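Below: the structure, in structure tokens.
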Amino acid sequence: MMATEPATKTFVLPMTFGADRAIVADMPPEAVPHDDVRTERDFLSRLVSLAEHDSPAVLAEEALALVAERAGATKAYLEIGEPGVEPAAWNASIGIDAPKVADVKRLLSTTIMREALSSGRLVSTSSAASDVRFRDAPSVRGNAIEEVLCVPFGQPSSGLVYLQGHVAGQRFPPEARAWAERFARYLAPVARRVVALAQRSAPDPTAPFRARLVGSELLVGKSPALANTLRLAAAVAAFEVPVLITGPSGTGKSELARLIALSSKRASGPFIALNCAAIPENLLESELFGALQGSFSGATRRIVGKVELASGGTLFLDEVGELSPSAQSKLLQLLQDGIYWPLGATKPGQADVRIMAATNADLTKRVADRAFREDLLYRLDVMAIAVPSLDERRGDIPLLADRLLAQHADRHGLGDVSFTLAARQALMVAEWPGNVRQLINTVLAAAIRAYSEGARQIERAHCFPTTASTHTQALWQDAMRDFQRQLLKDAIERSDGNVTLAAQSLGIARSYAFELVKALGLRDARPS
């Protein structure tokens, strides 16, 4: 009795990863044309040789050259490491001018990459310029980007490859997509190993500055952007000068101010914080500088101001740009002369206090608009420190999410919970306009959803639940309809209204093209 021929061809490819391992590639016979077996084997042999590299930069260059050549791409880009995170990712490009690499990266980080990483699958578009998913991206509009293949490798992501434009000036053939996906599947373990080696040998850039700061665990992360912030904080902590902390809302400006205070000569003194935007304007001056009994309607007792409470320590004014003109004048006098005037007082008080302030507003613009005193800005801005947004430190998101989850679990008695790889990747590529504050709430909500289901692992759906699946489906269908309509409309216009020629250019049946013309309400099209 003859043995039955297996349904797939299996190649065992030896690779060295510090221990004997192998990659087993199961390839359906139809995926490997019989007349192309030699090319297939050559591709796999060259792919195996990539495992010999220990440098992420060299691996990126050689890997990209291999996949771009095999797919026939005129332009290509590859990142190894966390895509979109700088400088943790190593990258290489082919056929893209140096200034335009930044455009490609912006395109990847805002549109195509996010879709590829969220789905974990290849993203393909025959025309990014017409595709409703990507056409509004500035880099797509500015560079008239047409066909693109983009595929991530590894879970969680070890990198990403982006291919644009076929050498023949036509669409990528179906086998190009297969090659790109196969390449990504095989490259993933190689990239993970090389990145792990590089990261183990790379020092934590924040470590030397954390060693000089007390309470630096308040700011979680190891990104270069955070390291720069901590470097300035460590430098200014020892000096009795005002500090102006800037950055988007929710980034941790208050935590940075507290860290500087704890690391200063005034660490044993009080740390008093006041959010200038949270106090009504008519009460702000008394809250800040104090008031004597009877100094204004409702002042039935002496009010001790924040300046007096902070004596010997640090006064932190959050959202300092919201101070009224009168309060700005009094704060300027405090900074210049060390004195302040409580409401109703006939003599000033002496202040032994260090001032730190924070804002998410552009104070220079507010000065130009005459909403903030220029001389006060000069007094506050002796040392400015910017706190980076989460978008500038995406590599810190997994560390932050893990720390927040542990804190929430301990505080609310949720037990031992953790994120799945898919959930971590979703957090990594999501938009965070509210920065750390938004991430805190998202992680807490995800933990509660998982707890309600009795789950010990937090899935992507716990972090970003679909609140209205029918509505989402309708939006998807509308988007696809718009994309089909635009694509077919453009093809018909290029064919001078000839639907038959348009169908041929798109590679679809003539009858189907006429059905789409009718269904999509396209006019002024002739049959032949």
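The values are calculated or read from the model by the stated rules, or taken from the named source; none is laboratory data. In this text the structure is predicted, and so the values were computed from the model without any measurement. Ideal geometry is used to build each Cβ from the backbone, glycine not excepted, and the neighbour counts take in all protein chains shown.
Among the residues of segment 415-445, those identified as over 19 Å from the mean Cα position of the chain (by Cα) and of a type in the set (A, V, I, L, M, F, W, C) are VAL417, LEU444, ALA445.
Residues considered: ILE245, ILE272. Of these, the only one that is in the same structural domain as MET356 (by TED's automatic domain parsing), under 20 Å from LEU363 (Cα atoms), assigned to a strand (DSSP E or B) and in contact with a helix residue (DSSP H, G or I) (Cβ under 6 Å, 6 or more places away or on another chain) is ILE245.
When restricted to residues that are farther than 13 Å from ASP131 by Cα and either small (Gly, Ala, Ser) or modelled with pLDDT under 80 (or both), segment 483-501 contains 3. The residue that is surrounded by the most Cβ atoms within 10 Å (Cβ to Cβ), among those in segment 280-296 that are within 20 Å of ILE339 (Cα to Cα) and among the acidic types (Asp, Glu), is GLU285. Quick one: in segment 152-168, of everything that is farther than 12 Å from ALA73 by Cβ and surrounded by fewer than 24 Cβ atoms within 10 Å (Cβ to Cβ), which residue is modelled with the lowest pLDDT? This residue is PRO156.
Mind checking which residues of segment 516-528 are part of a helix (DSSP H, G or I) and either modelled with pLDDT of 70 or more or more than 42 Å from the chain's Cα centre (by Cα) (or both)? Across segment 516-528, the qualifying residues are LEU516, VAL517, LYS518. Screening the candidates ALA384, ALA368 for the property of being among the aliphatic types (A, V, I, L, M) and in contact (Cβ under 8 Å) with a residue 40 or more places away in the chain yields one hit, ALA384.
Counting the residues of segment 320-353 that are surrounded by 14 or more Cβ atoms within 10 Å (Cβ to Cβ), outside any helix (DSSP H, G or I) and acidic (Asp, Glu) gives 0.
For every residue, the table says whether it meets (1) part of a helix (DSSP H, G or I); (2) among the β-branched types (Val, Ile, Thr); (3) farther than 30 Å from ASP362 by Cβ; (4) touching a Lys or Arg at 6+ places or on another chain (Cβ under 9 Å).
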{"site": "ALA384", "(1), (2), (3), (4)": "no, no, no, no"}
{"site": "ASP396", "(1), (2), (3), (4)": "yes, no, no, yes"}
{"site": "ASP402", "(1), (2), (3), (4)": "yes, no, yes, yes"}
{"site": "ALA406", "(1), (2), (3), (4)": "yes, no, yes, no"}
{"site": "LEU414", "(1), (2), (3), (4)": "no, no, yes, no"}
{"site": "PRO433", "(1), (2), (3), (4)": "no, no, no, no"}
{"site": "VAL436", "(1), (2), (3), (4)": "yes, yes, no, no"}
{"site": "ILE440", "(1), (2), (3), (4)": "yes, yes, no, no"}
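Selection of segment 409-458 for residues being free of Cβ contacts under 8 Å to residues at least 40 places away in the same chain and either β-branched (Val, Ile, Thr) or more than 30 Å from VAL387 (Cα to Cα) (or both) yields GLY413, LEU414, ILE440, THR442, ILE448, ARG449, ALA450, TYR451, SER452, GLU453, GLY454, ALA455. Once segment 354-365 is narrowed to residues that are charged (D, E, K, R) and without any contact (Cβ under 8 Å) to a residue 60 or more places away in the chain, the residue that is surrounded by the most Cβ atoms within 10 Å (Cβ to Cβ) is ASP362. Residues that are of a type outside the set (Gly, Ala, Ser) and over 16 Å from LEU323 (Cβ atoms) were ranked within segment 366-389; the one that is farthest from the chain's Cα centre (by Cα) is VAL382. Selection of segment 266-286 for residues being over 21 Å from ILE245 (Cα atoms) and in contact with a strand residue (DSSP E or B) (Cβ under 7 Å, 6 or more places away or on another chain) yields GLU285, SER286.
Scanning segment 271-291 for residues that are in contact (Cβ under 8 Å) with a residue 40 or more places away in the chain and of a type outside the set (A, V, I, L, M, F, W, C) yields ASN275, GLU281, GLU285, SER286, GLY290. Among residues of segment 247-270 that are at positive phi, those with a Cβ under 8 angstrom from a residue that is polar (S, T, N, Q) and buried (at least 20 other Cβ atoms within 10 Å of the Cβ), sequence gap 6+ or separate chain, pair up as GLY250/ASN435; GLY252/ASN435. In summary, strands (runs of 3 or more DSSP E) completely within segment 14-125 and bearing 1 or more residues that are assigned by TED's automatic domain parsing to the domain that holds VAL148 and either of a type in the set (Asp, Glu) or modelled with pLDDT under 65 (or both) occur at 20-27, 73-80. Output the residue which, of all residues in segment 422-462 that are surrounded by fewer than 17 Cβ atoms within 10 Å (Cβ to Cβ) and among the basic types (Lys, Arg), is farthest from ARG403 (Cα to Cα). The qualifying residue farthest from ARG403 (Cα to Cα) is ARG449.
State which residue is surrounded by the fewest Cβ atoms within 10 Å (Cβ to Cβ) when the search covers only segment 488-499 and only residues that are part of a helix (DSSP H, G or I) and in contact with a strand residue (DSSP E or B) (Cβ under 9 Å, 6 or more places away or on another chain). Only one residue fits best here, namely VAL499. Contact map, segment 227-243: residues that are polar (S, T, N, Q) paired with residues that are surrounded by 16 or more Cβ atoms within 10 Å (Cβ to Cβ) and assigned to a loop (DSSP other than H, G, I, E, B), Cβ distance under 7 Å, separation 6+ or inter-chain. Pairs shown: THR229/VAL387; THR229/PRO388. Sort out which residues of segment 184-198 are surrounded by 18 or more Cβ atoms within 10 Å (Cβ to Cβ) and more than 13 Å from TRP90 (Cα to Cα), and write them in order of number. Matches in segment 184-198: ALA184, TYR186, LEU187, ALA188, VAL190, ARG193. Only one entry in GLY298, GLY294 is on the phi > 0 side of the Ramachandran plot, assigned to a loop (DSSP other than H, G, I, E, B) and in contact (Cβ under 8 Å) with a residue 12 or more places away in the chain, namely GLY294.
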